[in-house]
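Colleague: For reference, the structure I am asking about is given below.
The values are calculated or read from the model by the stated rules, or taken from the named source; none is laboratory data. Bear in mind the structure is a predicted one, so any value in this text is a computation, not a measurement. With ideal geometry, Cβ positions are generated from the backbone for all residues, glycine too; neighbour counts draw on all protein chains shown. Note: accessible area is taken over every heavy atom of the protein model, side chains too, but ligands, DNA and RNA are not part of it. Shrake-Rupley method; radii C 1.70, N 1.55, O 1.52, S 1.80 Å.
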Amino acid sequence: MTAGVSRRSLLLTLGGVGLLAGCGDDHADWHAAGELPGDSRPGDEASPDVSDSATPLVVPPANPPTAGVCPAPQGVVQKQGGPQYVLPCHGTDIALTVDDGPDPRYTPKMLALLAQYGIRATFCMIGRSAAAHPDLVKRVLDGGHHIANHTFSHPLNIAKLSASAVRAEMAKATDAITKASGNGYRPTLFRSPGGAWSPTVLGQCGAEGLRALDWTVDPRDWSRPGVQHIVTTILTKTHPGSIILEHDGGGNREQTLTALGVVLPRLRDAGYTFAQP
Ligand SMILES: [Zn+2]
């Protein structure tokens, strides 16, 4: 555990140059705290670090998976020239994506929660963390989940990197995940840190044989906005085809796990099925 924390601190220190140079927002505070700022896009609603109070959780009903009520026009899963951001919107399918792991503190808890409800997710892993925790990579695959490439070092604005630097981030992460898997597994999806896309990033996805993957439902769980906020956001914004963004690494993810313990059975009982993007 101690070694893992030290490794992560080092990783963040090395990655901080781009962050401090490129961002004037709250990301710098998260960096100073030794955490990742998660994958929400700049400009998304922020309400960081609201402590959970003793107020009872109010759990709204999940939107039922009504045909035709979709986050995108029928059949459109990709913005023109951009990443996939919804599933084909013709049934009850939604997708759960879990970013920034693997993390020895939270990935095992996430796996236990998903197993409890029989849900398969897509873990968007940081290559450096996969290399540090190959046992967790194997456990994720043994659980029937998919793994997406989420870069090797989680650069804070990959859209500003050169093509060769982007390609190196992707190739090193694929190599790390494949090696850790022990069975030749190769990711086919790429989740860009912070949802930062550029023609260069999208072009390198193609060169590396990766499909670009975005999302539609983002409760900003990484900012610890409170369990209530995470629960309400997911249950009220999820429709057939939604891709939900959560995190199992990059900082304290207890709120995420508590919220998913409420949300996952609600979505399942409402009739949703969990699919891979
Ligand atoms: Zn991330």
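Colleague: Name the residues in segment 239-260 that are touching a helix residue (DSSP H, G or I) at 6+ places or on another chain (Cβ under 7 Å), hydroxyl-bearing (Ser, Thr, Tyr) and crowded, with 24+ Cβ neighbours inside 10 Å, would you?
Modeller: Answer for segment 239-260, where residues must be touching a helix residue (DSSP H, G or I) at 6+ places or on another chain (Cβ under 7 Å), hydroxyl-bearing (Ser, Thr, Tyr) and crowded, with 24+ Cβ neighbours inside 10 Å: just THR256.
Colleague: Within segment 120-133, which residues are part of a loop (DSSP other than H, G, I, E, B) and touching a Ser or Thr at 6+ places or on another chain (Cβ under 9 Å)?
Modeller: Scanning segment 120-133 gives ALA121, ILE126, HIS133.
Colleague: Answer yes if at least one residue in segment 223-239 is modelled with pLDDT under 95, in contact with a Ser or Thr (Cβ under 7 Å, 6 or more places away or on another chain) and away from the ligand (no atom under 16 Å from the Cβ), and no otherwise.
Modeller: no
Colleague: Given (1) more than 16 Å from the ligand (Cβ to nearest atom); (2) under 24 Å from ALA130 (Cβ atoms); (3) touching a residue at least 24 places away in the same chain (Cβ under 8 Å), identify the lone condition not met by GLY194.
Modeller: The failed condition is (1).
Colleague: Would you check which residues across segment 85-119 are outside any helix (DSSP H, G or I) and charged (D, E, K, R) and list them?
Modeller: If the condition is that a residue be outside any helix (DSSP H, G or I) and charged (D, E, K, R), then ASP93, ASP99, ASP100, ASP103, ARG105 are the ones that fit.
Colleague: Sticking with this one: Among the residues in segment 213-227, are any over 15 Å from the mean Cα position of the chain (by Cα) and not in a loop (DSSP other than H, G, I, E, B)?
Modeller: Yes, segment 213-227 contains a residue that is over 15 Å from the mean Cα position of the chain (by Cα) and not in a loop (DSSP other than H, G, I, E, B).
Colleague: Right, GLY75: touching a Leu at 6+ places or on another chain (Cβ under 9 Å), farther than 14 Å from GLY249 by Cβ and free of Cβ contacts under 8 Å to residues at least 40 places away in the same chain or not?
Modeller: no
Colleague: Could you please give the count of residues in segment 244-277 that are over 25 Å from ARG105 (Cβ atoms) and either modelled with pLDDT under 95 or in a loop (DSSP other than H, G, I, E, B) (or both)?
Modeller: 5
Colleague: May I ask you to list the residues in segment 77-96 that are open to solvent by less than 60 Å² (accessible area, probe 1.4 Å) and over 18 Å from ASN149 (Cβ atoms)?
Modeller: VAL77, VAL86, LEU87, CYS89, GLY91, THR92, ASP93, ILE94
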